[in-house]
Each structure stands twice: as C-alpha cells, then as structure tokens.
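Visitor: Let me begin by handing over the structure; questions about it come next.
Only the coordinates and a few stated rules stand behind these numbers; no lab work does. Treat the numbers as computed from the prediction; the structure is a model and nothing was measured. Ideal geometry is used to build each Cβ from the backbone, glycine not excepted, and the neighbour counts take in all protein chains shown.
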Amino acid sequence: MAQWSVVQAGDPVLRRRAAEVPADQISSKPVAQLVDRMWKTLDAVPGVGLAAPQIGEPWRVVVVHDLPEFIEHYTELQLLERERGAIEPYVLVNPVITAVGYETRIHFEGCLSVEGYTAAVERFHQVDLTYVDLEGRHHQARVGGWHARILQHEVDHLDGVLYVDRMNTRTLCTTDNYSDLADLPTGAAVDAVTGDGDPPA
Ligand code: ZN
C-alpha cells in the first residue's frame, strides 16, 4: 500500500461497524498518531473528509475540512445551490448525528474509497451533531447544507455504509463523464446522466 493511500471498496474494513474510542483513550498517543495519518492521507488525495476505516483503522474517528481552494472554482450561484462554504479543519471522535426534520437535498457526491465514480445521493438537509475533540471536550452543533452532507457521508463510513448504498443508482457516473456536467444545477445533471430530460422518442 502506498504511503497515504485510501482503502478501496471491497475491503471488509469499510463494511464493519467501527468501534467507539474509549473515553480514557481519546487524548492518547495512538489516537493522535491515527489522526495525524488521516490528515496526511486526506491532504495527499485530497478530499474534504476521511473516516478512520478508510485507512484501515476501525475506530469512530473522522476528520473534516473544506478548504477555500476546493471551492474557489464554483460560482456564487453554484455554492448557493450546494449550500457549500469553507469549513475549518476539525477532528470528530465518536460523532453522532441525528436528522433535523425530514427535509432532504439531492446532490452528486463521490468517495475516496470508490475511486473514479460519482452519483446523486439524497441526504438530510440539517443534522444535529455531537462529538468529542482530541482534548476530550464535548461539542454539539446544528449543521446544514454541504457540511451536513459531508457529516452524513463520513458517519456512514463508521457504520460500514458507502454512498453507493444510498445513491440513485441510475445516476452513477464516472468522474470523467461528470466533469462535463459539474457546472449544471444538480437537477439538470441528473436529467443529463439518466436521459430523463430527453423528449420521448
Ligand atoms: Zn467516503
């Protein structure tokens, strides 16, 4: 395995429920080393989020950031549609999320463990989040938009769930093909991929 590679679909570690980090281990050296490896891997790839099972470690630890350089190529309208903005890097130990209401959003998303593909996935618009940081402090927050999508994707990883389990299967698309559609509003991109927008033959 290359130094900072991400475990790919088919490895059972991605399908098992990851274990909670015991409270007395959260500020331990092994956990700090795990998080360090996760950041280095995420930076090397790069991506917006990574769960520990994606580097082969079955623990409930997630790192998230959405850097200005990841979103600078989007127009203001595209960022508004995705409800996406920069997220400061942070580490979540034992995160728990619960949906707020039933409102959902559909957008294309990909996964570092399913290289080369993207698909439209319906996610809750808002979630309530609780987690512990590396100093053992408890946090809670209500999160919406793209940030909520990232959290749902990453916490799914801790439960052995991949976005392909939740995607609209007809929208599965190579990232190469999707690059031609990335500028479209999501609804139009879905129509383009599925052919559903075409007039009846
Ligand atoms: Zn993923």
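Visitor: Could you check how many residues of the stretch 32-55 are within 15 Å of the ligand (Cβ to nearest atom), surrounded by fewer than 17 Cβ atoms within 10 Å (Cβ to Cβ) and within 17 Å of Tyr131 (Cα to Cα)?
Guide: In the first step, residues of the stretch 32-55 are kept if they are within 15 Å of the ligand (Cβ to nearest atom); the result is 38, 41-42, 45-55.
Subset that is surrounded by fewer than 17 Cβ atoms within 10 Å (Cβ to Cβ): 45-46.
After this cut, where a residue has to be within 17 Å of Tyr131 (Cα to Cα) as well, the list is none.
Matching residues across the stretch 32-55 total 0.
Visitor: Return the only residue of Leu184, Leu134, Leu172 being more than 16 Å from the ligand (Cβ to nearest atom), without any contact (Cβ under 8 Å) to a residue 60 or more places away in the chain and surrounded by 13 or more Cβ atoms within 10 Å (Cβ to Cβ).
Guide: Values: Leu134 fails: without any contact (Cβ under 8 Å) to a residue 60 or more places away in the chain; Leu172 fails: more than 16 Å from the ligand (Cβ to nearest atom).
The conditions single out Leu184.
The rows are residues; the columns are (1) of a type in the set (A, V, I, L, M); (2) over 18 Å from Leu151 (Cα atoms); (3) within 16 Å of the ligand (Cβ to nearest atom); (4) exposed (fewer than 14 other Cβ atoms within 10 Å of the Cβ).
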position: Ala18; (1), (2), (3), (4): yes, no, yes, no
position: Ser28; (1), (2), (3), (4): no, yes, no, yes
position: Glu57; (1), (2), (3), (4): no, yes, yes, no
position: Phe70; (1), (2), (3), (4): no, no, yes, no
position: Glu76; (1), (2), (3), (4): no, yes, no, yes
position: Arg82; (1), (2), (3), (4): no, no, no, no
position: Leu92; (1), (2), (3), (4): yes, no, yes, no
position: Val96; (1), (2), (3), (4): yes, no, no, no
position: Glu109; (1), (2), (3), (4): no, no, yes, no
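Visitor: Right, another one. If a residue has to be more than 23 Å from Ala23 (Cα to Cα), away from the ligand (no atom under 12 Å from the Cβ) and among the hydrophobic types (A, V, I, L, M, F, W, C) to count, how many in the stretch 137-166 make the cut?
Guide: Number of matching residues: 3.
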